[in-house]
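A.B. asks: My structure is below; once you've seen it, I'll send some questions.
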Protein chains: 2
Amino acid sequence: MSRTIDPYNALPKYIQLASILRQKIEDGEWEPRSPIPSERQLEVLYNISRTTIREAIDHLMRQGYIYREHGRGTFVSPQKLQKTLMELTSFSEDLIKRGIQPGQIIRSLTSVLPPVKILQKLELAPGTHVLCIERIRLGDNTPIGLQTSYLALAENQTITSEEMESSGSLYRILQEKFNIIPSEADETLEVTLATPEEADLLQIAEGAPLLLSERVLFAQNRKPIEFVKILYRGDRYRYYARLTR
Amino acid sequence: MSRTIDPYNALPKYIQLASILRQKIEDGEWEPRSPIPSERQLEVLYNISRTTIREAIDHLMRQGYIYREHGRGTFVSPQKLQKTLMELTSFSEDLIKRGIQPGQIIRSLTSVLPPVKILQKLELAPGTHVLCIERIRLGDNTPIGLQTSYLALAENQTITSEEMESSGSLYRILQEKFNIIPSEADETLEVTLATPEEADLLQIAEGAPLLLSERVLFAQNRKPIEFVKILYRGDRYRYYARLTR
DNA sequence: TAATCTAACTGGTAGTGACCACACTACCAC
DNA sequence: GTGGTAGTGTGGTCACTACCAGTTAGATTA
């Protein structure tokens, strides 16, 4: 990573500065709870205006790397799990962060007419067909979850099972093929009990407790792009979130 | 709510402007997906510099009220549940938002020596005593959760059961009495089954599925102030979160 | 000694002015 | 029609400046 600001770099200076500072924190060059250089010092150190400095610091603060104290200074956050900040993660990203090998079995990939409730969440007209993908999610080669995705793609857009097989990450396909970047999601979590079919697929007993997650995913323009329902095995999955005011 | 910016007001201008704009959105004066006045127009409308305008808009954007599109404008977010943004909420706030009448039964309020695991999460030395509050949480007068809080207060700080009874909200006491403002939390959720004692307290069958939430709450200065464990009745509670990248 | 004041820091708010990157439209040339 | 192009409006980035508001430590004073 660069150690100085390059004014000819295409990246904005505040992003360059933010990543320099982030690096120093992640490398442990600056101890938790210790102050980073003051804004006036950074101005001189990197030859950047305070406006830009503050913008970089704002970013790092919102990402939880540092915190400010009026009149005292700006300090490194003492957090252990910086990587698992409040972030929107795909299933595979999620598992990788926990050190578990993700995997999946694609059960089906078809165009379906979904229930009205789901069409409403996707803000689609009644009668619209959407792409439905059913998958069994694996962690270290054993089932952890049962996932059903409904995707609101444009007429001329579709995804093949080959693409799903080879890429592994639906979100990566959305991003690379259609330039759709997931940016926000509403999620609910509740407890249910496994039906016979679900129990069979997850290799657990009928009536075993499951964690049910339902999520509506929004793109950059705030349009809903996916409704996804995941049934997690209660004994093998723990949900993690970071909340902020 | 004020309709113009008052330069003599103690509140910063960008906060005044943000609340004016928020009001217009909540009142429906500006339709979802329609553009709000451009930054240059707002400059003239409210006689404020663009710096300040952008700061106000930044705030509203992070709170999910609006979104920006480079080259096109700034638009009102089409969100139905503005109130239940990704927010850190207390149990009572949470229920009120869902239209349920919160209540509680305080089972105990004592100084205890907690398990080492909890002391570690609170970043306290082994052997430290903390305030422990056990409560049964009610929704519309029937039990929905079993909550155990461990509070890392200073030597001279404590909370009485009278205060808990009268206020109802622990977070309000923390804020008003000790000036501690909860600002962040790490939370995990998983599924467990009710022990006989838990089943009895929650008035459900032994072995019924529960949603177990464990949360570490941090103050403004990033110091942990509370470890709280809540067992929710699986049949009466649903967890909601909004995730952002 | 203890309380007070002061100066020199820190981050917080605000204005001005400039230029860039992107989106849209109207117009023109082919 | 099609493709280009210039103009104008939008948000994005950046510099420089000024002053306000907390915090701290050291000097000063009672």
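The values are calculated or read from the model by the stated rules, or taken from the named source; none is laboratory data. Keep in mind that this is a model prediction, so the values were computed, not measured. As a convention, Cβ positions derive from the backbone with ideal geometry for all residues, glycine included, and neighbour counts pool all protein chains shown. Note: areas computed on protein heavy atoms with side chains; ligands, DNA, RNA excluded. Shrake-Rupley method; radii C 1.70, N 1.55, O 1.52, S 1.80 Å.
A.B. asks: Placing unit charges on C-beta atoms (Lys and Arg positive, Asp and Glu negative, everything else neutral), compute the dipole magnitude of region A:91-233 about its Cα centre in debye, rounded to 20.
C.D. replies: Once rounded to the nearest 20, the dipole reads 220 debye.
A.B. asks: How large a share of the accessible area of chain A, in percent, is made up of carbon and sulfur atoms when the probe is 1.4 Å and the other protein chains stay in place?
C.D. replies: With neighbouring chains kept in place, the figure for chain A is 50 percent.
A.B. asks: Could you tell me which residue out of A:Ser77, B:Thr195, A:Ala208 lies farthest along the dipole of the protein assembly as shown toward its positive end? Charges go on the beta carbon: Lys and Arg +1, Asp and Glu -1, centred on the Cα centre.
C.D. replies: A:Ser77
A.B. asks: Relative to the other copies, what are the label-point distances for A:Leu193, with labels 7 Å from Cα along the C-beta vector, expressed in nm at one decimal and sorted shortest first?
C.D. replies: Copy-to-copy label distances for A:Leu193: 1.1 nm.
A.B. asks: Rounded to the nearest whole Å², what accessible area per residue is found for chain B with the 1.4 Å probe?
C.D. replies: Spelled out: the 1.4 Å probe surface of chain B, per residue, equals 50 Å².
A.B. asks: How much net charge surrounds B:Arg50 when only the other residues with a Cβ under 13 Å from the Cβ of B:Arg50 are counted, with Lys and Arg +1 and Asp and Glu -1? Present the calculation step by step, with values, prior to reporting the outcome.
C.D. replies: On the way: positive: B:Lys13, B:Arg40, B:Arg54; negative: B:Glu39, B:Glu43, B:Glu55, B:Asp58.
Its environment carries a net charge of -1.
A.B. asks: Let me ask something else. In percent, what relative contact order does chain A have, based on Cα pairs under 8 Å that are 6 or more apart in sequence?
C.D. replies: 14 percent
A.B. asks: Something else about it: Residues of region A:195-215 that become at least 20 Å² less accessible with every protein chain present than in their own chain isolated, using 1.4 Å: which are they?
C.D. replies: A:Pro209, A:Leu211
A.B. asks: Taking amide hydrogens as modeled 1.01 Å from N in the peptide plane, which residues meet the under 5 Å criterion relative to A:Ile48, leaving out close sequence neighbours?
C.D. replies: For A:Ile48, no residues qualify.
A.B. asks: Strictly over 27 Å apart at the Cα level, which of B:Lys121/B:Lys177; B:Lys117/B:Lys223; B:Lys13/B:Lys223; A:Lys13/A:Lys223; A:Lys229/B:Lys117; B:Lys177/B:Lys229 would you flag in this model?
C.D. replies: Correct reply: B:Lys13/B:Lys223; A:Lys13/A:Lys223; A:Lys229/B:Lys117.
A.B. asks: Which whole-angstrom value gives the distance between the alpha carbon centres of region B:144-203 and region A:1-60?
C.D. replies: That distance is 39 Å.
A.B. asks: Next up: With only Lys, Arg, Asp and Glu charged, each at its Cβ (+1 for the first two, -1 for the last two), find how big the charge dipole of chain A is about the Cα centre; round to the nearest 20 debye.
C.D. replies: Working: 31 positive and 32 negative charges, 195 e Å.
Dipole of chain A, to the nearest 20 debye: 940 debye.
A.B. asks: Let me ask another. Determine the total buried accessible area between chain B and chain A, counting protein heavy atoms only with a 1.4 Å probe; round to the nearest 100 Å². Intermediate values should be presented prior to the final figure.
C.D. replies: Values: alone 14430 and 14420 Å², together 24650 Å².
What B and A bury together is about 4200 Å².
A.B. asks: Provide the gained length on full extension for the span B:Ala10 to B:Ser34, in nm with one decimal, where the gain is 0.36 nm per separating residue minus the Cα-Cα distance. Intermediate values should be presented prior to the final figure.
C.D. replies: On the way: separation 24, 0.36 × 24 = 8.64 nm, distance 3.19 nm.
Net length gain for the segment: 5.5 nm.
A.B. asks: Given A:Thr148, A:Asn9, A:Ile36, which one lies farthest toward the positive end of the charge dipole of chain A, if we put +1 on the Cβ of every Lys and Arg and -1 on the Cβ of every Asp and Glu?
C.D. replies: Ranked along the dipole, the leading option is A:Ile36.
A.B. asks: Per Stokes-Einstein, at 20 °C and 1.002 mPa s, what whole-number D in µm² s⁻¹ belongs to region A:13-79, with the Kirkwood radius over Cα pairs as the hydrodynamic radius? Could the numbers behind the result be given before it?
C.D. replies: On the way: Rh = 11.7 Å.
Diffusion coefficient, whole number: 183 µm²/s.
A.B. asks: Label point 7 Å out from A:Glu162 along Cα-to-Cβ: which residues of region A:104-135 have amide N under 19 Å?
C.D. replies: Within reach of a label on A:Glu162: A:106-111.
A.B. asks: Considering only DSSP states other than H, G, I, E and B, which GluC sites (Glu not before Pro) in region B:1-75 qualify as loop sites with at most 14 other Cβ atoms within 10 Å?
C.D. replies: In loop regions of region B:1-75 (DSSP not H, G, I, E or B), the sparsely surrounded GluC sites (Glu not before Pro) are B:Glu29.
A.B. asks: How large is log10 of I(q)/I(0) for chain B at q = 0.07, 0.09, 0.13 Å⁻¹ when the intensity is taken from the Debye formula with one equal scatterer per alpha-carbon?
C.D. replies: Here log10 of I(q) over I(0) equals -0.33, -0.53, -0.93.
A.B. asks: Moving to a separate point now. In region A:1-45, which trypsin sites (Lys or Arg not before Pro) are in a loop and have at most 16 other Cβ atoms within 10 Å, using DSSP for the loop call? Don't jump to the answer; show the numbers that get you there.
C.D. replies: Values: sites: A:Arg3, A:Lys13, A:Arg22, A:Lys24, A:Arg33, A:Arg40; in loops: A:Arg3, A:Arg33.
Qualifying residues, ordered by number: A:Arg3, A:Arg33.
A.B. asks: Considering the rotation that carries chain B onto chain A, locate the chain B residue whose Cβ comes closest to its axis and report the distance in whole Å.
C.D. replies: Here the nearest residue and distance are B:Pro209, 2.
A.B. asks: Given contacts defined as C-alpha pairs under 8 Å and at least six residues apart, what's the relative contact order of region B:91-233, whole-number percent?
C.D. replies: Rounded, it is 23 percent for region B:91-233.
A.B. asks: Placing unit charges on C-beta atoms (Lys and Arg positive, Asp and Glu negative, everything else neutral), compute the dipole magnitude of the protein assembly as shown about its Cα centre in debye, rounded to 20.
C.D. replies: The dipole of the protein assembly as shown has a size of about 1260 debye.
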